[in-house]
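Since the structure comes first, as structure tokens, the remarks are kept for the end.
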Amino acid sequence: MKKDVLIKILDKQSADGETEKLEITTKGTLSFDDGGYYIVYDETDGELSGTVTTLFIDSPNSVTVSREGAFNSQIVLEQNKRHSCFYDTPYGSFMMGVFAKHVKSNVTEKGGTLKMRYTVDFNSGLAAENSMSVTVTEL
């Protein structure tokens with residue numbers, strides 16, 4: 001099962017006393033396979049333009065965010081766990097720690113919402129606090 005969907009992303013990042021917010025609405029696909037849901041969309045903004053982002057939700061409290069294109073990355077968000085993750089940027093590639101404080105999905109074949117709150121660290125030093133909400137609706 002694969003269907004076209006509308007994806008609304010609200011992203012917030014706080015670092016060094018500054019907060020950035022980003023809101024994106026785009027078309028993508030929702031599918032179910034391998035025991036989880038895949039939300040896939042093309043990035044269209046700035047340096048990520050041409051990159052394909054995939055959110056793989058394998059349980060209500062676990063998601064893997066993968067990007068493939070000019071800059072590749074894979075971030076694993078599993079509630080109350082820290083993972084070391086690979087991240088590629090225009091400035092180079094590096095490993096970072098990601099601790100998921102909250103991951104909650106109610107996504108089904110009809111759509112739904114995925115909410116995440118997590119911290120990012122480098123060399124065990126806090127770099128940023130992030131939150132993301134992804135809402136998927138059928139077209």
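Every number in this text was worked out from the coordinates using simple rules, so none of it is lab data. Everything numeric here is computed off the predicted structure, so don't read it as measured data. Note that we place each Cβ from the backbone using ideal geometry, even for glycine, and neighbour counts take in every protein chain shown.
One residue stands out among those in the range 5-41 that are among the β-branched types (Val, Ile, Thr) and farther than 27 Å from Ala128 by Cα: the one that is surrounded by the fewest Cβ atoms within 10 Å (Cβ to Cβ), which is Thr29.
Can you report the number of residues in the range 109-139 which are over 15 Å from the mean Cα position of the chain (by Cα), more than 15 Å from Lys12 (Cα to Cα) and touching a residue at least 40 places away in the same chain (Cβ under 8 Å)? Total satisfying the criteria: 5.
Quick grid of which residues meet (1) surrounded by 14 or more Cβ atoms within 10 Å (Cβ to Cβ); (2) of a type in the set (A, V, I, L, M, F, W, C):
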| site | (1), (2) |
| --- | --- |
| Ile75 | yes, yes |
| Lys81 | no, no |
| Tyr87 | yes, no |
| Gly111 | yes, no |
| Ser124 | no, no |
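With the condition kept exactly as written, say whether any residue in the range 8-16 is touching a strand residue (DSSP E or B) at 6+ places or on another chain (Cβ under 7 Å) and free of Cβ contacts under 8 Å to residues at least 40 places away in the same chain. No, the conditions are met nowhere in the range 8-16. In summary, strands (runs of 3 or more DSSP E) completely within the range 23-96 and bearing 3 or more residues that are within 13 Å of the chain's Cα centre (by Cα) and not acidic (Asp, Glu) occur at 36-42, 52-59, 62-68, 73-78.
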